[in-house]
1. Helix-derived [θ] at 222 nm for chain B: sum -39500 (n - 2.57) over DSSP H runs of at least 4, divide by residue count, nearest 500?
2. Can you give me the accessible area per residue for the range B:88-160, using a 1.4 Å probe, in Å²?
3. Which aspartates and glutamates have a Cα lying under 16 Å from the Cα of B:LYS233, excluding residues fewer than 8 positions away in the same chain?
4. Mind ranking B:SER12, B:SER158 by accessible surface for me, highest first, 1.4 Å probe?
5. Quick check: with the 1.4 Å probe, what order do A:ARG171, A:ARG121, A:ARG141, B:ARG127 take by accessible area, largest first?
6. Over all residues in A:115-121, what is the mean tally of Cβ atoms on other chains that come within 10 Å of each residue's Cβ?
7. Accessible surface of A:MET82 in the full protein assembly, 1.4 angstrom probe, to the nearest 10 Å²?
8. Please go through the residue pairs A:LYS118/A:LYS252; A:LYS158/A:LYS199; A:LYS54/A:LYS199; A:LYS118/A:LYS170; A:LYS40/A:LYS242; A:LYS199/B:LYS348 and name each one whose alpha carbons sit more than 30 Å apart in this structure.
Amino acid sequence: MRAPSSREVRLGEALLAVENVSLAFGGVRALTDVSFDIRKGEIRAIIGPNGAGKTSMLNVINGFYPPNTGRITFKGEARTTMRPYAAALGGIARTFQNLALFRGMTTLDNIMAGRALKMHRGFFWQLIRHGPALREEVEHRRRVEEIIDFLEIAAIRKVQVGRLPYGLQKRVELGRALAMEPDLLLLDEPMAGMNLEEKEDMSRFILDVNQQYGTTIALIEHDMGVVMDLSDRVVVLDYGRKIADATPDEVKCDKNVIRAYLGEPHGISA
Amino acid sequence: MLYREVGQYKTSYAADMAIFPILQDRIGLAAILLIAFVVIPLVGHDFLLNTVMIPFLIFTLAAIGLNLLTGYTGLLSLGTGGFMGVGAYACLKLTTIFPHVNIVIWVLASGLFSAAVGVLFGLPSLRIKGFYLAVATLAAQFFLEWCFIRIPWLYNYSVSGAIEVPLRTLMGIPVTGPTATSLTRYLIVLSIVVVMTWVASNLVHGRIGRTWMAVRDMDLAAELVGIRLLRAKLLAFAVSSFYCGVAGAMMVFLWYGGAEAEVFAIDQSFLVLFMVIIGGLGTLTGSFFGAALIYILPIVLREIPAALGLPVHPSTVEQLTFVIVGVLIIVFLALEPNGLARLWQIGKQKLRVWPFPY
Ligand SMILES: Nc1ncnc2c1ncn2[C@@H]1O[C@H](COP(=O)(O)OP(=O)(O)OP(=O)(O)O)[C@@H](O)[C@H]1O
Ligand SMILES: [Mg+2]
């Protein structure tokens, strides 16, 4: 287990700051005046009951939805709206609650697609696929194979991802995000629907990514055990409002948090 | 035992990324090229060359073009006929204005014109998808057809309103026009189709192909990994229309030798679309299979009664052909949506593990 004190030292200044963000869909207020920050190098959990606005928060961060009010500062640059493309360019990668893989493509191609922003050989080299275009392809393939080894998915390299079981698809999606070599990685329930063993594997991958590459991670997760093990700090949302923002241990005992989860069908599973 | 990759270890990523990593596939490809370039010219008579091979190759190229757009990028187009027409009319105008430039250059250059038109009509694809985009391309189809009929300048004011292909030579040998032999035209068509298939295969197996397929499979996620959607879609429209345009130019200049605007009507769009669907969306091999099935099968069916000496009226055969092809399309859509190419893959997979079932 990690020692919180030593991590505390490692954590840097804020990489991302969310200030007074509100978001409404018609009459539904998905987010109301939410503020928090994510520091460089940390694993930041976002938790809350179903419909609390967690996914909406990630969607605001990576530009799918412009917030109605408030602003977001990423790497010191403040902005109110941003296209997902710009978010990718800025170094934000993401996985989805309900998977958003390229289903007709192989594992390898999915992860290679994550290198889109790093590959530049122009159209005319692509026409002949020799020389610089092939060299570039090989160079990135090498990097992608490292990710494949890291995630232990070498055996399914050439399998169309639509045919893979759910747990492996989640892994491939993480691989695609890692291929972007992001500064900030947003993970929306990466362990949903997994069995214990798969959850343990995934937890290990997340910790390793954070420690080996120093990637800052925002993690949405319902399993409190996982949140306790992985995260440095936790934001708790309920009905679109932030009700707590503290270390995992403090959050667990927070009476607002307990009240929010009481009466929820899943409750806090420790 | 014969078709195996066992023992063929790939020693580098470049080798693993080769388009035909298995030796037997490469031998097969070499054999096909040998037959196409040497055997068929030696044994081929006019019927085989002019009625079977030339049109088959031209339709294959058009099918590859549409497949790049619909199969690889997921953008359904009903404008194929129109884009082919742009190629044909552009080629006519180019060779009329610059008669001394090699006609093969103009056949290829005419693709650039359809590419430009394709990009123009592809612009709405950023906002609209699926069925609605198909309707937008249908509008393009009808608009282009209208142009082909209503703008006499396009067909050089010919009295018939049709394209009349002039005589053009290459190193003294007639290539287009009535005196060009089917063998010459076959070899030119074959060369163009082989080179353009190779190029298409390079594109779809590299960065650009992945970009297209990503847009097709999940455009939100594509944007999120840093793919610019409009750019990717417009590039697909451009390349696809380029292929269709060259196919259209070859159709008139190297096959028909003259054509009216009807050749580029909506029927042609559907014919090519059927080829793509039956062959398999998102596979280049499938485009060959699809063109063969839709174009060559009816020819075979037509020849059967005559060969067997059956007293069947040609029009009956014609109708029967429609029925058979129609049924095949429905069967394919229902049973094997991935087309003939998928069956081919399954067959090869079986062969690879033979004699074991798995
Ligand atoms: N695109 C949308 N249109 C309309 N309402 C939406 C949309 N997206 C989210 N909502 C609403 O916003 C609220 C917050 O949803 P969100 O998906 O962010 O919750 P969540 O915390 O991720 O929940 P879960 O744990 O179930 O994933 C919900 O009431 C939801 O119905
Ligand atoms: Mg959610």
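The values are calculated or read from the model by the stated rules, or taken from the named source; none is laboratory data. Source: prediction; values computed, not measured. Glycine gets a Cβ as well: all are built from the backbone with ideal geometry, and neighbour counts include every protein chain shown. Note: accessible area is taken over every heavy atom of the protein model, side chains too, but ligands, DNA and RNA are not part of it. Shrake-Rupley method; radii C 1.70, N 1.55, O 1.52, S 1.80 Å.
1. -20500 deg cm²/dmol
2. On a per-residue basis, the range B:88-160 sits at 54 Å².
3. B:ASP217, B:ASP219, B:GLU223
4. Values: B:SER12 55, B:SER158 20 Å².
Largest to smallest exposure gives the sequence B:SER12, B:SER158.
5. Final ranking, largest accessible area leading: B:ARG127, A:ARG121, A:ARG171, A:ARG141.
6. Working: counts 4, 11, 3, 1, 6, 1, 3.
If you average over the peptide's residues, the count of other-chain Cβ atoms is 4.
7. Solvent-accessible area, nearest 10 Å²: 40 Å².
8. Beyond 30 Å: A:LYS118/A:LYS252; A:LYS199/B:LYS348.
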